[in-house]
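Okay, so here's the structure we're looking at.
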Amino acid sequence: QLMKDLRGRFAVSNERQKGAPSFPSIEPDRTSRDNPALFQGDRQYTNNFTDSYAAVFDWVTTPKLYVNLTTGYFTYGARGKGPVGTNLRHTFSGSNFQFPDIPASLQNVSGYADDISSSIIVKDDYGRFTFNSDATYYTNWKGQHTLKAGVQYERISNDVNRGQQFPTVQLNWDAVRGTLDGRNVRGKYGYYTVTRGTVTLGDFSVSNTGLFIQDAWTLNNRLTLNLGVRTEVEDVPSYKPQNPGIHFSFADKISPRVGFAWDLKGDSRWKAYGSWGVFHDLMKLSMSRILFGADRWVDYFYTLDTADWPSIQCGYPPTGGPSCPGTFIEQADFRHEANDVNNSLIDPGIKPMRSQEFTLGMDHELNRTTSIGVRYSHKWLNRAIEAFGVLLPGVGEIYRISNPGFGWDKSPLTDPFISPGLNCPNCPDQPAAKRVYDGIEFRLRKRFSDNWELTTSYSYSRLFGNYSGLANSDESINGSARTDPNSSRGFDQLTESFDAQGHAVYGRLQTDRPNVFKAQGSYTFGFGTTVGGNYLLQSGTPLQTQMNHLSGIFFYPFGRGDLGRTPVYSQTDLLVQHTLNLPRGTRLNASINVENLFDQDTITSIFPTVYRDNINIPFTDFFKGFDPNAYAKANNLRPDARFTLPTAYQPRRTIRLMAKILF
């Protein structure tokens, strides 16, 4: 209590995490495919830190005016520790036992490596300084008003140096390289790639500012309106100061919000409510790191013509010669700078990501402790921001930044800078990013009384479109979505948005679960023990066949959902806790929390890719429509034995024990 009308709160938190060395993977037969030599002596690990500092000031200037000031600094990062490889490294993609002329001493399984990785995190530090101030004023005019206005400021930074220090030769045994210009190339044993993976270097800081004003207007004792608008100026940073980022002004990001709450009968037992709002995303750092100068990733491809793979000792970049045998196939830059000041690939008319939401609901109190409710929600995407990839022979994969389906990306393969070999004037336009959610939810709630409580809900919904959002669940192989906001594979090639018949692919998205039932409840016995339960029952998620076009860019040849859904998912959780009173007002609380009580193992994901090789069909032929299985047969594409096999299951049963003393 700094003064009579001024209160301050301060907090500091410092956390350090020391990583653990890695260990060999163990197969079901108790053997390991890892090279034992890689696990001798010290191993590399990563140390992480997280620090936060915060201060909050509450100032009651008058009985009608309240001012809040909040400031803080949050920083986290990582440091790699321990030894790293200091030599060129060979890794196996696919095994080579199928070649009888390769000596046994040179044969091994897929995933084998002959040296430890040379990749290390020298540093990767993030920082965010924030300052927020708002004022709340209470007044009367045709009802009661609670007016609130404020400013929000943040400054973010990232200082990074991480990646491989030496090259890796990835041996793609018995595989075909699908080139950027549509050829299928392989040597006697396959092909190999000389790479350093993704090396990330850069240092930046940038500021964003937001403004808002809102009013809770109570017209009478039954109706309240909530009105507001916010906006912000945003700079998407570049990791190279000579190249510009993306700037959005206050005028670009005006976001109005409207809502209401209505006591229908004036007895506080029937309430109707609703809201509508516009929302603009504040972009994350993923796009800046990947495409604005931080990441560097160039791969070089050669035919694999020798069984003596240890003799492959290419430099980086490789220059050929006896130490780099085979025929050079191509090189590919997968991190071409999209914001190069001399050749910007950012749509000059780009607009911020924008979505809207409409909600309408009603609640009814049945008695003093029990209520029912229904709520309908409609959410839709107006514009997304994504990196649209185009494969250019001799260059790699370049990315243009735009709103998919608008501006530059409306007709992506007719752009004049596209290589003549890939120009496709008769190809269709890029469908706009679409994501529409409709859901209705019914709720029954019994508040805690007479020693028990219960909350249940059932929702029926549909999630439809061609864009899953900032976390791209379309790239899920093991049940986890890719989290590279605004720079996922969602629009990296026009064929991703179409099936094998040239039709735009719309449908139920990967996280669509039409039916969801939830129940949560607890009972407290007179002797101090509480038993609680949580039950979830929900539909499975859509499954679809996946194939790869050209340089491994996936598409859905038969549309979304052709493989049905994963099985219905259910789970029961249990909590039991007991409080024991001790002398002098001290209490001991002990509990056991069991997640997935019955140890269910429902399949949550399958392997969707049917062929190991790419379908290298020209764009013009792709959009005319073709039979992908006939193409695969004619071109001897290798089936993938993992197709439709499970890749992820419901998490196993977990039991947590806890004891705490309260005083």
Scanning region 443-453 for residues that are open to solvent by 60 Å² or more (accessible area, probe 1.4 Å) and in a strand (DSSP E or B) gives R443, L444, R445, R447, F448, W452, E453
Taking V109, is it within 16 Å of G197 (Cα to Cα) and either touching a Ser or Thr at 6+ places or on another chain (Cβ under 6 Å) or of a type outside the set (F, W, Y) (or both)?
no
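So that you can scan it fast, the table gives a plain yes or no per residue for (1) closer than 30 Å to R186 by Cβ; (2) in contact (Cβ under 8 Å) with a residue 24 or more places away in the chain; (3) open to solvent by 10 Å² or more (accessible area, probe 1.4 Å):
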{"position": "S238", "(1), (2), (3)": "no, yes, yes"}
{"position": "Q242", "(1), (2), (3)": "no, yes, yes"}
{"position": "G266", "(1), (2), (3)": "no, yes, yes"}
{"position": "F279", "(1), (2), (3)": "no, yes, yes"}
{"position": "L285", "(1), (2), (3)": "no, yes, yes"}
{"position": "Y302", "(1), (2), (3)": "yes, yes, yes"}
{"position": "A307", "(1), (2), (3)": "yes, yes, yes"}
{"position": "S311", "(1), (2), (3)": "yes, no, yes"}
Considering every residue within region 190-212, establish whether at least one is without any contact (Cβ under 8 Å) to a residue 60 or more places away in the chain, more than 23 Å from H336 (Cβ to Cβ), touching a strand residue (DSSP E or B) at 6+ places or on another chain (Cβ under 9 Å) and assigned to a loop (DSSP other than H, G, I, E, B).
no
Only strands (runs of 3 or more DSSP E) wholly contained in region 303-419 count here; list those with 2 or more residues that are within 26 Å of L470 (Cα to Cα) and touching a helix residue (DSSP H, G or I) at 6+ places or on another chain (Cβ under 9 Å).
386-392, 396-402
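Please determine, by comparing only the residues of region 510-542 that are of a type in the set (A, V, I, L, M, F, W, C) and modelled with pLDDT under 95, which one is nearest to N472 (Cα to Cα). Show your work before the answer.
Step one: of region 510-542, the residues of a type in the set (A, V, I, L, M, F, W, C) are 516-517, 519, 525, 527, 531, 536-537.
Then drop every residue that is not modelled with pLDDT under 95, which leaves 525, 527.
Values: F525: 46, F527: 49 Å.
Here the answer is F525.
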Considering only residues that are surrounded by fewer than 16 Cβ atoms within 10 Å (Cβ to Cβ), part of a strand (DSSP E or B) and free of Cβ contacts under 8 Å to residues at least 60 places away in the same chain, which ones fall in region 518-534?
T529, V531
Residue that is at pLDDT 85 or above, farther than 25 Å from H503 by Cβ and either touching a strand residue (DSSP E or B) at 6+ places or on another chain (Cβ under 7 Å) or among the acidic types (D, E) (or both), where the choices are R462, R445
R445
Out of everything in region 372-397 that is within 19 Å of W262 (Cα to Cα) and surrounded by fewer than 17 Cβ atoms within 10 Å (Cβ to Cβ), what residue ends up being nearest to the chain's Cα centre (by Cα)?
Y376
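Conditions tested, residue by residue: (1) outside any loop (DSSP other than H, G, I, E, B); (2) more than 30 Å from E441 (Cβ to Cβ); (3) open to solvent by 60 Å² or more (accessible area, probe 1.4 Å).
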position: E496; (1), (2), (3): yes, yes, no
position: Q510; (1), (2), (3): no, no, no
position: V516; (1), (2), (3): yes, no, no
position: L536; (1), (2), (3): yes, no, no
position: G540; (1), (2), (3): no, no, no
position: M547; (1), (2), (3): yes, yes, no
position: P557; (1), (2), (3): no, yes, no
Limited to region 92-106, what total is found for residues that are over 31 Å from the mean Cα position of the chain (by Cα) and either under 17 Å from T193 (Cα atoms) or not in a loop (DSSP other than H, G, I, E, B) (or both)?
5
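Among what's in region 366-376 and is in contact with an Asp or Glu (Cβ under 9 Å, 6 or more places away or on another chain) and farther than 11 Å from R443 by Cβ, pick the residue that is modelled with the lowest pLDDT. Spell out how you get there, then give the answer.
Filtering region 366-376 down to residues in contact with an Asp or Glu (Cβ under 9 Å, 6 or more places away or on another chain) leaves 369, 371-376.
Within this subset, residues satisfying the condition of being farther than 11 Å from R443 by Cβ are 369, 376.
Numbers: T369: 94, Y376: 98.
Of everything passing the filter in region 366-376, T369 is modelled with the lowest pLDDT.
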So which residues in region 574-606 are modelled with pLDDT of 95 or more, open to solvent by less than 30 Å² (accessible area, probe 1.4 Å) and either out of contact with any strand residue (DSSP E or B) (no Cβ under 6 Å at 6 or more places or on another chain) or not in a loop (DSSP other than H, G, I, E, B) (or both), if there are any at all?
S591, V594
Restricting region 637-654 to residues that are under 16 Å from L563 (Cβ atoms) and hydrophobic (A, V, I, L, M, F, W, C), the one least open to solvent (accessible area, probe 1.4 Å) turns out to be A648
Of all residues in region 110-141, count the ones that are modelled with pLDDT under 95, open to solvent by less than 50 Å² (accessible area, probe 1.4 Å) and of a type in the set (V, I, T).
3
Does T50 satisfy the condition of being loosely packed, with under 15 Cβ neighbours inside 10 Å and either modelled with pLDDT of 90 or more or of a type in the set (D, E, K, R) (or both)?
yes
Residue selected from region 53-86 under the condition open to solvent by 50 Å² or more (accessible area, probe 1.4 Å) and not in a strand (DSSP E or B), by the criterion modelled with the lowest pLDDT
P83
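The values are calculated or read from the model by the stated rules, or taken from the named source; none is laboratory data. Everything numeric in this text was worked out from a predicted model, so none of it was measured. Note that we place each Cβ from the backbone using ideal geometry, even for glycine, and neighbour counts take in every protein chain shown. Areas reflect the complete protein model, heavy atoms only, side chains present, ligands, DNA and RNA absent. Shrake-Rupley method; radii C 1.70, N 1.55, O 1.52, S 1.80 Å.
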